[in-house]
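> Take a look at the following structure, please.
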Amino acid sequence: MTDAALAAQLADVAGRILLDVRASGMFEGKALGKAGDATANEFLCHAIRSCRPDDGLLSEEEKDDTARCSMERVWIVDPV
């Protein structure tokens with residue numbers, strides 16, 4: 001699968017995850033945003049690490065791993 005196809009598929013699934021979090025009715029306001037960000041981020045980071053294990057990852061929601069600086073390719077995750 002190409003990077004573009006993977007990114008499109010992951011964005012589609014992450015979008016559905018966000019809609020499910022909202023539809024759950026368990027969160028409102030800022031808590032809804034935080035829950036959506038955390039859930040989508042967890043999915044995206046896990047999926048990228050599984051599908052592209054040799055690539056680095058930078059996510060707004062996770063502690064920065066500076067090992068990414070020595071990697072040839074880095075994915076940037078922003079679940080908003």
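> For residue 75, list long-range residues whose amide hydrogen, built 1.01 Å from N in the peptide plane, is under 5 Å from its own amide hydrogen.
Amide H neighbours of residue 75, under 5 Å, 5+ apart: 56, 57, 58.
> Note down the accessible area of residue 66, probe 1.4 Å, to the nearest 10 Å².
100
> Now, a different point. Apply the Karplus curve 6.51 cos²θ - 1.76 cosθ + 1.60, θ = phi - 60°, to the phi angles in region 33-46 and return the couplings in whole Hz, x for Gly and Pro.
x, 5, 5, x, 4, 5, 5, 5, 4, 4, 4, 4, 5, 4
> Express the accessible area of the chain per residue in Å², computed with a 1.4 Å probe while the remaining protein chains stay in the model. List each step's numbers first, then the result.
On the way: 5550 Å² over 80 residues.
Value returned for the chain: 69 Å² of accessible area per residue.
> Something else about it: Set Lys and Arg Cβ to +1 and Asp and Glu Cβ to -1, take the dipole of the chain about its Cα centre, and tell me which of 58, 48, 29 lies farthest positive.
Towards the positive end, the residue furthest out is 29.
> Percent of accessible area on the chain owned by carbon and sulfur, 1.4 Å probe?
Working: 3080 of 5550 Å².
Exposed carbon and sulfur together represent 55 percent of the surface.
> Quick one: putting +1 on the C-beta of Lys and Arg, -1 on the C-beta of Asp and Glu, what dipole do you get for the chain around its Cα centre, in Debye to the nearest 20?
On the way: 9 positive and 15 negative charges, 35 e Å.
Magnitude of the dipole: close to 160 debye.
> Ok, one more. Ordering 26, 71 from largest to smallest accessible area (1.4 angstrom probe), what's the sequence?
26, 71
> Residues of region 46-80 with backbone nitrogen within less than 11 Å of a virtual label 7 Å along the Cα-to-Cβ line of residue 3, please, listed as ranges.
Flagged as within label range: 55-56, 72-76.
> So what is the calculated 222 nm ellipticity per residue for the chain, using -39500 (n - 2.57) for each DSSP H run with n of 4 or more, over all residues, to the nearest 500 deg cm²/dmol? Intermediate results must be reported in sequence, preceding the final value.
Working: 2 runs with 44 residues, N = 80.
So the calculated ellipticity at 222 nm is -19000 deg cm²/dmol.
> How much FRET efficiency would the formula 1/(1 + (r/R0)^6) give for residue 27 and residue 54, where r is the Cβ-Cβ distance and R0 is 30 Å, rounded to 0.05? Don't skip to the answer; put the middle values down first.
Values: r = 36 Å, r/R0 = 1.19.
Result of the calculation: an efficiency of 0.25.
> Considering only 19, 44, 58, give the residue with the highest GNM mean-square fluctuation for the chain, with springs between Cα atoms whenever their separation is below 10 Å.
So, out of 19, 44, 58, the one fluctuating most is 19.
The values are calculated or read from the model by the stated rules, or taken from the named source; none is laboratory data. These numbers come from a predicted model, not from an experiment. Using ideal geometry, Cβ is built from the backbone for each residue, glycine included, and neighbour counts are taken over all protein chains shown. Surface accessibility is based on the protein's heavy atoms, side chains included, excluding ligands, DNA and RNA. Shrake-Rupley method; radii C 1.70, N 1.55, O 1.52, S 1.80 Å.
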